[in-house]
1. From the list 81, 97, which residue is of a type in the set (Val, Ile, Thr) and in contact with a strand residue (DSSP E or B) (Cβ under 9 Å, 6 or more places away or on another chain)?
2. Residues 30, 83, 78: which one is assigned to a loop (DSSP other than H, G, I, E, B), under 26 Å from residue 140 (Cβ atoms) and modelled with pLDDT of 95 or more?
3. Those residues that are in contact with a helix residue (DSSP H, G or I) (Cβ under 9 Å, 6 or more places away or on another chain) and surrounded by fewer than 18 Cβ atoms within 10 Å (Cβ to Cβ), I need them from segment 43-52; list them, please.
4. Report, by residue number, each residue of segment 38-75 that is among the aliphatic types (A, V, I, L, M) and in a helix (DSSP H, G or I).
5. Just name the residue that is surrounded by the fewest Cβ atoms within 10 Å (Cβ to Cβ) out of those in segment 1-18 that are in a helix (DSSP H, G or I) and among the hydrophobic types (A, V, I, L, M, F, W, C).
6. What are the residues in segment 2-22 that are within 14 Å of residue 122 (Cβ to Cβ) and either basic (Lys, Arg) or touching a helix residue (DSSP H, G or I) at 6+ places or on another chain (Cβ under 8 Å) (or both), if any?
7. Scan segment 105-125 and give yes if some residue there is surrounded by fewer than 16 Cβ atoms within 10 Å (Cβ to Cβ) and at pLDDT below 95, otherwise no.
8. For residues in segment 53-90 being without any contact (Cβ under 8 Å) to a residue 60 or more places away in the chain and open to solvent by less than 30 Å² (accessible area, probe 1.4 Å), which is nearest to residue 8 (Cα to Cα)?
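The values are calculated or read from the model by the stated rules, or taken from the named source; none is laboratory data. On a predicted model such as this, the values are computed, not experimentally measured, just so you know. Note that we place each Cβ from the backbone using ideal geometry, even for glycine, and neighbour counts take in every protein chain shown. Only protein heavy atoms, including side chains, enter the accessible area calculation; ligands, DNA and RNA are left aside. Shrake-Rupley method; radii C 1.70, N 1.55, O 1.52, S 1.80 Å.
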Amino acid sequence: MIHLAAQQRNEIAAHGERDYPYECCGLLLGSFLENGKGKICAETYQISNSREEEAKRNRFLIRPEELIRGEKYAASKGLDVIGFYHSHPDHPAVPSVYDLDHAWPVYSYIVVAVKSGRAKDLLSWEMQSDRSRFNGEEILNVS
């Protein structure tokens, strides 16, 4: 389960709309709850999609130096990277096989569907520990 405020949902949706028809991407910063009982997202951290232009419509890339910059920013605020988000332009908010191949267990993966430039569904996913598939993750709305 991930705790997510309306402001963070709105930031992810707005980022997806702004980058449409390309995929947007970013980090989820916050903390892990004890005993693996979920995560609390404190803020989002936007990153520019570094994929070459023709691939940005259905793939995103976070360069290592951008990830390191985000991790340092999180640490400076006493936070951890608890997950990632990205958009699926004109596709459902369901992780692709490519997403599965490039994900890591423990983290949350939020996908926002952006249809014709408007954000629609926003869903969160967690990879099974054996890396075989994603399971839907409950989003708990916080104020």
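1. 81
2. Of 30, 83, 78, the one residue that is assigned to a loop (DSSP other than H, G, I, E, B), under 26 Å from residue 140 (Cβ atoms) and modelled with pLDDT of 95 or more is 78.
3. Matches in segment 43-52: 43, 46, 48, 50.
4. 55, 67, 68, 74, 75
5. Result: 6.
6. Answer for segment 2-22, where residues must be within 14 Å of residue 122 (Cβ to Cβ) and either basic (Lys, Arg) or touching a helix residue (DSSP H, G or I) at 6+ places or on another chain (Cβ under 8 Å) (or both): just 9.
7. yes
8. Looking at residues that are without any contact (Cβ under 8 Å) to a residue 60 or more places away in the chain and open to solvent by less than 30 Å² (accessible area, probe 1.4 Å), I get 84.
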